[in-house]
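K.L.:
Got a structure for you, questions after.
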Amino acid sequence: MGTRENELGVTVKKSENFSEWYQQVLLKSNFIDYTDVSGCLAFRPAAYAAWETLSRAVDAEFKKDGIENVYFPLFIPEKFLMKEKEHVEGFAPEVAWVTGAGSSEFDERLAVRPTSETIMYASYSKWVRSWRDLPMRYNQWNNVVRWEFKHPTPFIRTREFLWNEGHTVFATEKEAEAERDVILEIYQRSIRDYLALPGIPGRKSDYEKFAGAVASFSIEHIMPDGLALQGPDFHIDGQNFSKAFDIKFLNEEGKTDYAWQNTYAITTRELGVMVATHGDDKGLILPPMVAHIQIVIVPIYRKENMAEMLEYAKKVQNALKGKYRTRLDSREGYSPGYKFSEWELKGVPLRIEIGAKEAAADKVTLARRDTGEKTEAGMSGLEEKAEELLEKIQENLYQKAEALLKASIHTVKDYQEFKEALEKKKGMMHAAWCGSRECEMKIKEETGAKITNIPFDQGRLLDKCVYCGKKSKHMANFARSY
């Protein structure tokens, strides 16, 4: 047993080798596994359950707001992908192509979906005829493939990932732009309430915007290693795609007009942020709202009282399983200590320990995964106590994540301070920017830090651009990123 127990845990500290820690936690906790296709993951039950819960919550909010689900093919004809010049140039290096089947070559290559604008909008051009057909607010949940990168990182940068694609069409620019705040709020509320994650919402610079968009907006994260990571995003596409794909309609005045469009997405990348943000040196810590198993029950017994203790453990499980996702660990041949460590590694939010003393007193001992704190509860009030603790765990994880985010944002006044803080403190540099592409690119070239976004919450606008010293237009967030 000793060898198994030694091999079970994470062997590096999060603060000392974040990259290795992250990989070990994902694999040793059975959250994911690698496959024989480079950059493509197997989501094990805990990972897929977390995505399922989050995606269903987002989907429910979409439907409340009138968005409908559709599905379009995985394969996209090359002629469609070439219709919007800026869009195809942005994705060309990442596209995987299907060129034939069996011994036959296709007359036209088919792209494996990197994103679905082009194939969806070919249909939209047939479906939109009159202002009465609008708004058309469609969404699909699917997988996409983006092939071009050198260093795959689970969830953070993978060749295949899961997401939603919102593709909406409006009769007026005002209606289209009003959708932005609705969608970003759904995303921000969902990652907060389910994944216990904060984020910084804002507008992307023109250089960093989505290929083909008029304007892009994002919710940005900061990882524990100080690098930034883009979360959910929203793109105002204006009439760029409607003109490329001939999506036009008769307006109320009887004149022909091109439609106004938006696109938006949340991806499985959020699971990586969740694991990285909440996990510790013992392993995974799952927020109760998305945990595959919320409560694990571990009976502690000797051979002579095994039947009695298992019976009591089942009584405890029956008192909880109608409301919570529970697991009774009745495995033989493993010590209680081994089981405790294994469930801690897997991130189960709440552990119930049951020994002979607890059974005799009709009680249980509850241990929180986030703090390790233990409390006792009687069987009569167990459900209420479990609910109280799970709510506290969820809230505590969010509060800690928010504190980490705030501590990782550094307001800097000049370029020397910018460079010093970027090297010593890492994280995000909140700095004044004149709005010029030249300054943005010089900073990126010299420091490796790009503009993650221009936050909606501007705070106090400093007078001079951090790079050139000219009058500033925005407070922007700069960071090195994944």
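Read-outs: derived from the displayed coordinates by stated rules, not from any lab. Everything numeric in this text was worked out from a predicted model, so none of it was measured. Note that each Cβ is placed from the backbone with ideal geometry, even for glycine, and that neighbours are counted across all protein chains shown.
K.L.:
Provide the packing ranking of 376-383, 267-274, i.e. peptides ordered by the mean count of other C-beta atoms within 10 Å per residue, highest first. Walk me through the numbers on the way to the answer.
P.N.:
Working: 376-383: 14.4, 267-274: 24.2.
In descending order of packing, they fall as 267-274, 376-383.
K.L.:
Fewest Cβ neighbours within 10 Å first, please rank 190, 472 accordingly.
P.N.:
Working: 190 22, 472 19.
Ascending number of Cβ neighbours within 10 Å: 472, 190.
K.L.:
Continuing with this model, one more query. Give the separation of the Cα centroids, the range 385-455 to the range 37-116, in Å.
P.N.:
About 31 Å separates the Cα centre of the range 385-455 from the one of the range 37-116.
K.L.:
Indicate, rounded to the nearest 5 percent, the antiparallel portion of the DSSP beta bridges found entirely in the range 409-479. Can you show the working numbers first?
P.N.:
Values: 9 of 12 bridges.
Approximately 75 percent, going by the DSSP bridge assignments.
K.L.:
What is the range 409-479 by shape, rounded, prolate or oblate, if you read a ≥ b ≥ c off the alpha carbon gyration tensor as root eigenvalues and call it rounded for a/c under 1.5, prolate for a/b larger than b/c, and oblate otherwise?
P.N.:
Details: a/c = 1.40, a/b = 1.15, b/c = 1.22.
Taking the square roots of the gyration eigenvalues as a ≥ b ≥ c, the range 409-479 is rounded.
K.L.:
Show me, for the range 353-368, the HN-Hα J-couplings you get by feeding each phi into the Karplus relation (A = 6.51, B = -1.76, C = 1.60, θ = phi - 60°), rounded to Hz, glycine and proline as x.
P.N.:
Karplus values, whole Hz, x for Gly and Pro: 9, 10, x, 4, 5, 4, 4, 5, 9, 6, 10, 9, 10, 10, 10, 7.
K.L.:
Describe numerically, in nm with one decimal, the distance between label points set 7 Å from Cα along Cα→Cβ at residue 140 and at residue 44.
P.N.:
3.2
K.L.:
Under 37 °C and 0.692 mPa s, how fast does the chain diffuse according to Stokes-Einstein, given a Kirkwood radius computed over C-alpha pairs? Answer in µm²/s, whole number.
P.N.:
Numbers: Rh = 24.9 Å.
Stokes-Einstein gives a translational diffusion coefficient of 132 µm²/s.
K.L.:
On to the next question. Could you state the angle between the C-alpha long axis of helix 18-28 and the longest principal axis of the C-alpha atoms of the chain, as a value from 0 to 90 degrees rounded to the nearest 10?
P.N.:
Here the helix axis deviates by roughly 60 degrees.
K.L.:
Same structure again: Based on the Cβ-Cβ distance from residue 132 to residue 444, what FRET efficiency comes out when R0 is 35 Å, to the nearest 0.05?
P.N.:
Working: r = 47 Å, r/R0 = 1.34.
Efficiency, rounded to the nearest 0.05: 0.15.
K.L.:
In nm, what is the difference between 0.36 nm times the number of residues separating residue 64 and residue 97 and their Cα-Cα distance? Walk me through the numbers on the way to the answer.
P.N.:
Numbers: separation 33, 0.36 × 33 = 11.88 nm, distance 3.70 nm.
Gain on stretching residue 64 to residue 97: 8.2 nm.
K.L.:
Along the Cα-to-C-beta direction of residue 253, a point sits 7 Å from the Cα; which residues of the range 108-137 have their amide N less than 13 Å from that point?
P.N.:
Taking a point 7 Å out along Cα→Cβ of residue 253, no residue of the range 108-137 has its backbone N under 13 Å.
K.L.:
Checking the a/c ratio against 1.5 first, then a/b against b/c, what shape does the Cα gyration tensor give for the range 29-278?
P.N.:
On the way: a/c = 1.85, a/b = 1.24, b/c = 1.49.
Here the range 29-278 falls in the oblate category.
K.L.:
Cα gyration tensor of the range 137-212, axes a ≥ b ≥ c as square roots of the eigenvalues: rounded (a/c below 1.5), prolate (a/b > b/c) or oblate? All intermediate terms of the calculation are to be shown ahead of the outcome.
P.N.:
Values: a/c = 1.66, a/b = 1.37, b/c = 1.21.
It is prolate, given that a/c is not under 1.5 and a/b is the larger ratio.
K.L.:
Compute the signed sum of charges (Lys and Arg +1, Asp and Glu -1) over the other residues within less than 15 Å, Cβ to Cβ, of residue 371. Don't skip to the answer; put the middle values down first.
P.N.:
On the way: positive: 282, 351, 368, 369, 374, 392, 400; negative: 280, 281, 344, 370, 373, 388, 391, 395.
Counting the neighbours of residue 371, the net charge comes to -1.
K.L.:
So, one more: Going highest first, how would you order 94-104, 239-249 by mean Cβ packing within 10 Å? Don't skip to the end; give the middle numbers.
P.N.:
Details: 94-104: 11.5, 239-249: 19.5.
So the peptides 94-104, 239-249, ranked by packing, come out 239-249, 94-104.
K.L.:
Further, regarding this structure: With +1 assigned to the C-beta of every Lys and Arg and -1 to the C-beta of every Asp and Glu, and no other charges, what is the dipole magnitude of the chain about the Cα centre in debye, to the nearest 20?
P.N.:
Details: 69 positive and 74 negative charges, 120 e Å.
Dipole about the Cα centre, nearest 20: 580 debye.
K.L.:
Sum -39500 (n - 2.57) across every DSSP H segment of at least 4 residues in the chain, then divide by the residue count to get the 222 nm mean residue ellipticity, nearest 500.
P.N.:
Working: 15 runs with 175 residues, N = 482.
Per the formula, -11000 deg cm²/dmol.
K.L.:
If neighbour count is taken as other Cβ atoms inside 10 Å, put 434, 468 in order from fewest to most. Walk me through the intermediate numbers first.
P.N.:
Working: 434 19, 468 16.
Lowest count first: 468, 434.
K.L.:
Considering only lysines 8 or more places apart in sequence, or on different chains, count the pairs in the range 29-278 whose C-alpha atoms sit under 23 Å apart.
P.N.:
25
K.L.:
I would also like to ask the following. Going by how many other Cβ atoms sit within 10 Å of their own, how do 439, 465, 40 line up, fewest first? Don't jump to the answer; show the numbers that get you there.
P.N.:
Numbers: 439 20, 465 23, 40 15.
Fewest to most other Cβ atoms nearby, the residues stand as 40, 439, 465.
K.L.:
From the phi angles alone, apply the Karplus equation (6.51, -1.76, 1.60; θ = phi - 60°) to the range 108-125 and give each ³J(HN,Hα) in whole Hz, x where the residue is Gly or Pro.
P.N.:
Calculated HN-Hα couplings, in order: 9, 5, 10, 7, 7, 2, x, 4, 10, 3, 5, 6, 5, 6, 4, 6, 4, 5 Hz.
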